[in-house]
Amino acid sequence: MCAQTDLCFPFMSCEENLRLIADIRCVPKAEVENEIHMQLERVGLLQDKHKLASQLSGGNRRKLSLAMALIGGTQILYFDEPTSAMDPASRRVIWSIIKDLKQQGKTIILTTHYLEEADELADRIGVMSKGMLFAVGSPNFIKRNFGVGYHVYISPK
C-alpha cells in the first residue's frame with residue numbers, strides 16, 4: 001500500500017525505511033540488499049539512500065512511499081494519490097513503473113484526482129461523487145459519456 005499520506009519514518013534514512021519493510025514482509029536476508037538497491041534505483045532515489053526521510057522533498061517522500069509499497073514483490077497493490085506533490089517528469093516515471101507492474105500481472109487499485117493519470121493507467125475507472133459510485137467503465141466510456149469541455153468544429157469554406 002502506498003497511502004495518500006507518506007508512511008515513511010522521518011528519523012530513518014531511505015535505506016533504513018526499506019530495510020524495515022523488507023523485514024516486516026519477510027524478504028529473505030540474502031535478497032534484502034539487492035531488493036533495496038533495485039527499488040531505490042527504480043524510483044530514482046539511489047543517490048539519496050542515506051538521506052533521512054525528513055530531509056526529502058515532498059515528491060521524493062512520495063517516491064520513497066512507493067518504493068516501500070513495492071518491496072517484497074506483492075501481487076496486489078493499492079496506490080492512493082501516488083503522484084501527488086510530484087513534478088511532471090517524476091509523475092511520468094511513476095506512471096512507467098505502474099505500467100510495468102501491470103505488464104507483470106499485478107493487480108493495482110489506484111485513486112487519483114487526475115483524469116489524465118486515470119486515462120493513462122487504468123483499464124477501468126470508477127468515478128465517485130458524494131461518497132457514492134457514480135460511473136464505472138473504460139477510460140473511453142467515461143470520457144464519452146461524462147466528459148466535460150468544449151468541442152470546436154471548423155469547416156473550411
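The values are calculated or read from the model by the stated rules, or taken from the named source; none is laboratory data. Just so you know, these numbers come straight off a predicted model, no measurement behind them. Quick note on the areas: whole protein, heavy atoms, side chains included, nothing else; ligands and nucleic acids left out. Shrake-Rupley method; radii C 1.70, N 1.55, O 1.52, S 1.80 Å.
Checking the Cα-Cα distances for 63/99; 106/130; 29/49 against a 23 Å cut-off, the pairs over it are 106/130. All distinct Cα pairs of region 31-94 go into the 1/r average, and the inverse of that average, the Kirkwood radius, is 12.2 Å. Once the Cα atoms are used to define both axes, helix 58-70 deviates from the longest principal axis of the chain by about 80 degrees. Taking the 1.4 Å solvent-accessible surface of the chain as the whole, the part contributed by carbon and sulfur is 56%. Normalised by the number of residues in region 60-109, the mean separation of alpha-carbon contacts (under 8 Å, six or more apart) gives a relative contact order of 47 percent. Each listed q (0.24, 0.25, 0.29 Å⁻¹) maps to a log10 I(q)/I(0) for region 1-56 from the Debye sum over equal C-alpha point scatterers, namely -1.03, -1.10, -1.29.
Antiparallel beta bridges, as assigned by DSSP with both residues in the chain, represent about 50 percent of the total such bridges.
Taking amide H positions as modeled 1.01 Å from N, with prolines and chain starts lacking one, the residues under 5 Å from residue 78 and 5 or more places away or on another chain are 2, 109. A 1.4 Å probe run over the chain, with the rest of the protein chains in place, finds 62 Å² accessible per residue.
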